[in-house]
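Report on the structure given below.
Derivation of every value follows stated rules applied to the coordinates shown; laboratory data play no part. Keep in mind it's a predicted model, so treat the numbers as computed, not measured. Glycine gets a Cβ as well: all are built from the backbone with ideal geometry, and neighbour counts include every protein chain shown.
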Amino acid sequence: MNFMKALGVGILISTVALVAIFIITFVTNGSFSVPVFISVESGTNSSGAPETSMFFNPLGPIVLAVAAATVVWLASKAKRTSQQS
């Protein structure tokens, strides 16, 4: 697998992670924060309806996608190397 395919997988992993964090925070009615990268807060508004807000630095998902892509690429490279031995 070349790095561009691995980057596609990394972007998918990053998107799924952001959506999962948003849903889990909404369901638990809590908050989650990683300084500089992402902040998710959930609560109820004045009428009692649940509301959730998500703020993130665009660099956060990009760094997560590149890190995931690097791990996927290295894992596929190691698997290919072990199969050749």
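Each residue of segment 54-69 in order: what ³J(HN,Hα) in whole Hz does its phi give by Karplus 6.51 cos²θ - 1.76 cosθ + 1.60, θ = phi - 60°, with x for Gly and Pro?
10, 10, 8, 6, x, 5, x, x, 5, 5, 4, 5, 5, 5, 5, 5
Specify which labelled value, from (1) 32, 26, 21; (2) 64, 22, 17; (3) 55, 26, 21, agrees with Cα extents along the principal axes in Å derived from the coordinates of the model shown.
(2)
Taking H as built 1.01 Å from N, whose amide H comes closer than 5 Å to the amide H of Gly30, not counting residues under 5 places away?
Under 5 Å from the amide H of Gly30 lie the amide H atoms of Ser42, each far enough along the sequence or on another chain.
Taking amide hydrogens as modeled 1.01 Å from N in the peptide plane, which residues meet the under 5 Å criterion relative to Phe37, leaving out close sequence neighbours?
none
Tilt of helix 3-28 relative to the longest C-alpha principal axis of the chain, in degrees (0 to 90, nearest 10)?
Taking Cα atoms only, the helix is inclined about 20 degrees.
Based on DSSP H runs of at least 4 residues, each adding -39500 (n - 2.57), what is the mean residue ellipticity at 222 nm of the chain after dividing by all its residues, to the nearest 500 deg cm²/dmol?
My calculation for the chain gives -22000 deg cm²/dmol from helical runs alone.
For the pair Asn2 and Phe55, how long in nm is the line joining their label points, each one 7 Å along Cα→Cβ?
Between Asn2 and Phe55, the label points sit 4.1 nm apart.
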